[in-house]
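Reading through the structure tokens given below for one structure.
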Amino acid sequence: MTSLLETERSPAPLFDPDRPRPRAHWAPGQLPELFGSLGASAAVVAVAFTVGGLFTLSIRTMLFGELVCVMIGFLLIFGILTALRHGPIVAKDRLATVGIWVGASIALFPLVQMVLSVIGHGGSVVFEHFPDFLTHDRVDNGMGNAIIGTFEQVGLATFYTVPISLLTATFLSETSSAFSRIVRTIVDAMMGTPSIIAGLFVYLIWVQPKGTNGYSGFAASLALAVLMLPLMIRTAEEVIRVVPGSLREAALALGAPRWKVSLRIVLPTVRSGLLTAMILGVALGVGETAPTLFTAHGSEVYNFNPFSGVQANLPLQAFQLIQSPSPDLVRQAWGGAFILVFMILGLFTATRILSRQRVGAPRRRFRRPRKEVELP
Amino acid sequence: MTSALRSPSEAIEEAPSETPLALRRASTGHDRIFLGILYGASAIVLLIISGILLFLAWNGWPALHYSGLHIITSQHYAPTGTHPSFGLLGVLVGTISIAVIALLVGVPIAVSAALMINEYAPRKIRRVLTSLVDLLAVLPSLLYGLWGHIVLSPEVSNILVWLSHHADFFPLFRDPELEYVGSIFLCGLVVGIMIIPIVTSVSREVMSQVPRDTCEAALALGGTRWGMVTDVILPFAKNGIVGGILLGLARALGETVAVLIILSQTNVIQWHILEPGGGDIPALIANLFVSVPHLAKSSMTFAGLLLFVTIFVLNLIARRIVGRPKVSIA
């Protein structure tokens, strides 16, 4: 086969990888781009360090200053160089490119650094006393009571919000009336409810009337539900909108009543998306501190009963530990934050895995229809 | 409920043989019940929102009645004692300045991050970055507060101390001996970092809806990439970005825990924003609400009402401008 190809004299190909390439000749005015930027940065670093050396600075402050000076200087020199060679339009484009990359790294740097420092500080605390930190209560330098509290409060809140949000989302996507438009607007506006207001509201309607023993995990779950509800409704509604109208019409045309179309056709079609919406709500609930301040109020010991007495909560306990003057307790706060990040990361990963599923992917287990419809 | 699916033969038997089948489907009794349940569930949302408004207004009224207009024109806030005084001006100004600083810090960075993810980043890391931004948007504010207080605050303080030694002509640096922690500026900085993911996420979503062929047309006409960004993408996505900014603003105004951890609250106006002191409505409520007498609780409830209504209106405006910002879940 190869020999055959070789013997045939084909016209010279347009691109021949073996042909020697023409050597780049660098005239003094035409140095490649890379050299321009490298030269610019080298010049700037040199200048900046010379200037920085003139002041006596703590090393960290100096590094920050250097970075800022280097950045400004680089933009200046690089900009002038490009403008001289390619004109102002290209110079603007290049500068904008550098600016956008720098902006994006400034955005990501503190955020990533934050996650890393939580993992670093918190991980060491959690793994130092490994199972104990998760099982003991706060009196014994652990987070167990708070973890139980978080599970119970968020669990209760999920218990109320899931049915309400699914029904409301169905209502918003399956019907259209003046009422549904109002509800949709209100839900959208409610998404930004400040978390402290939710706590304040539940304090006023539930905790205060009950007097001194009004604080309970249940009250906290109400406050969390107020915050979780709009997010869940909103996401679920968006998910339900994905279901094609033809599917509904097909079911209706076959004579199915509307409630059956909603519950048996529409909702099951997007169940993975709905689950994602619910998990997002739960992730929000797990992380909220402010609404639990006046409702669960925090406790230093185990309280398994969410319906009576003060109860701890993971973010709340971490917050209370930060406020304490003892550095040991502040370290424990990092441990609490670590557990929090771990939980939220888990929930988030679950949403990613779910969202990869195809809409309307079949359930694993098929059920055979009980009766076969006989056609005449 | 018997089977809703009637077999075709049954249906044909019912129909008179010559006229075509009437296509009228009255909703069944079950349908009406189902619709009733749906209405009921949706009414709960309205109940909650009107409940919040009513309870806040009801409980905030005594303080408003007691202080009159002073409640928003005075900055003397002394909740305890025999003659308490509830001037909320200090905390109002503090809340607004934290939000403004947060926007100044967060928005340019967030928009450039959104541009980077959508236009400049290689296709391969685009998905990863999108996921990362969405993850950062769900991290609780407690983490931001903790990190801001323990990691960021000393660094910023170092820089500010150095600047105050060497650039003391700048009016915000008064006293070279100060430590510059617990300030309004630091809160604004941390809250600004906190709103970056949410603003990025919304702006990126809108930018990704710009028609690709228009972008490519701009490039094909010989435009630079920056030209495409300024002349095609930004004009198209302008409304969405503004909506994202308003969402970020609402979050910044309502942020409680991060501010509560960082700010040294004095509840008066602190014009020297780099120095400790100042106030913030959510932080004030979170800090003092449980421990003060009834009338002071009422004044805080009034402050909460102001905040709630402001944020609610901001959200409504955001919705008007953007249509509906998509909640990204995938």
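The values are calculated or read from the model by the stated rules, or taken from the named source; none is laboratory data. Predicted model, so just to flag it, every value in this text is computed and none were measured. Here Cβ is always computed from backbone atoms with ideal geometry, including for glycine, and neighbour counts include all displayed protein chains.
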Suppose we keep only residues that are closer than 15 Å to residue A:173 by Cβ and free of Cβ contacts under 8 Å to residues at least 40 places away in the same chain within segment A:253-267. Which one would you say is nearest to the other protein chains (Cβ to nearest Cβ)? A:259
Scanning segment B:115-142 for residues that are facing chain A (nearest Cβ under 10 Å), surrounded by 20 or more Cβ atoms within 10 Å (Cβ to Cβ) and polar (S, T, N, Q) gives B:141
Tell me whether segment B:71-85 contains one or more residues that are assigned to a helix (DSSP H, G or I) and among the aliphatic types (A, V, I, L, M). yes
Determine if segment A:292-314 includes at least one residue that is buried (at least 24 other Cβ atoms within 10 Å of the Cβ), charged (D, E, K, R) and either assigned to a loop (DSSP other than H, G, I, E, B) or not assigned by TED's automatic domain parsing to the domain that holds residue A:118 (or both). no
Given the criterion over 22 Å from residue B:201 (Cβ atoms) and either under 25 Å from the mean Cα position of the chain (by Cα) or crowded, with 23+ Cβ neighbours inside 10 Å (or both), identify the matching residue among B:95, B:73. B:95
Yes or no: residue A:180 surrounded by fewer than 22 Cβ atoms within 10 Å (Cβ to Cβ), free of Cβ contacts under 8 Å to residues at least 40 places away in the same chain, over 19 Å from residue B:52 (Cα atoms) and not β-branched (Val, Ile, Thr)? yes
Any idea which residue in segment A:271-301 is farthest from the other protein chains (Cβ to nearest Cβ), counting only those that are closer than 11 Å to residue A:220 by Cα and touching a Phe, Trp or Tyr at 6+ places or on another chain (Cβ under 7 Å)? A:296
Only one residue in B:296, B:252 is part of a helix (DSSP H, G or I), buried (at least 24 other Cβ atoms within 10 Å of the Cβ) and aliphatic (A, V, I, L, M), so which one is that? B:252
Filter result for residue A:165 (closer than 17 Å to residue A:262 by Cα, surrounded by fewer than 22 Cβ atoms within 10 Å (Cβ to Cβ), out of contact with any His (no Cβ under 8 Å at 6 or more places or on another chain) and more than 7 Å from chain B (Cβ to nearest Cβ)): no
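If I filter segment B:117-127 for residues that are part of a loop (DSSP other than H, G, I, E, B) and over 19 Å from the mean Cα position of the chain (by Cα), do I get at least one hit?
Yes.
Yes/no per residue for (1) more than 7 Å from chain B (Cβ to nearest Cβ); (2) closer than 30 Å to residue A:302 by Cα; (3) touching a strand residue (DSSP E or B) at 6+ places or on another chain (Cβ under 8 Å):
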site: A:186; (1), (2), (3): no, no, no
site: A:201; (1), (2), (3): no, yes, no
site: A:211; (1), (2), (3): yes, yes, no
site: A:230; (1), (2), (3): yes, no, no
site: A:239; (1), (2), (3): yes, no, no
For segment B:31-85, which positions are among the charged types (D, E, K, R) and more than 8 Å from every other protein chain (Cβ to nearest Cβ)? B:32
Complete set of residues in segment A:168-184 that are within 8 Å of chain B (Cβ to nearest Cβ) and small (Gly, Ala, Ser): A:180
